[in-house]
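> For reference, the structure I am asking about is given below.
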Amino acid sequence: MAERREVLLAFDYGTRRIGVAVGQTTTGTASPAGIIHVGQSPDWAALERSVREWSPTRLVVGLPYNMDGTETVLTGACRAFAGELTRRFGLPVELVDERLTSAAAQAELRDARRSGARARRVRPEDVDANAARLILETWLRGHAT
């Protein structure tokens, strides 16, 4: 695992919602922690509440790329969001390649629903939070010792 015990918050940035996940380096695990709504801009008050609630030492933001490695229309917005997180909260922000995380998150949730492990239908909010979990798990795997 990483050298220090850390709690991390991860974000799957979108134009309507930001998926949130929380994890820790001690166990190398992450869990979905909900979503933050985006109107004209992210709900910074809600983001601040999440940061206060979880007291992370680091933030992780998914950075979208096309399959060929080129940037998507959201890549710049995600970088700007990451920069604003740093400015507002003074925490280190890591960027993680998030190719296919939303598709993988949706597939996992649908499989859980089909198997009976999940009782309710899969909502877009569930997909966003689960994508944030996958982003954070990617970071955790890359920083294991």
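Readers should treat all values here as calculations from the given coordinates under stated rules, not as data from a laboratory. All of these numbers come straight from a predicted model, not from anything done at the bench. Cβ coordinates were reconstructed from backbone atoms using ideal geometry, including for glycine residues, and neighbour counts include every protein chain displayed.
> List, in order, the whole-Hz ³J(HN,Hα) value for each residue of segment 30-41 obtained from phi through the Karplus relation with A = 6.51, B = -1.76, C = 1.60 and θ = phi - 60°; use x for Gly and Pro.
Karplus values, whole Hz, x for Gly and Pro: 9, 9, x, 10, x, 9, 10, 6, 10, x, 5, 8.
> What FRET efficiency comes out for A46 versus R87 if R0 is 25 angstrom and r is the Cβ-Cβ distance? Round to the nearest 0.05.
That pair, A46 with R87, gives E of 0.90.
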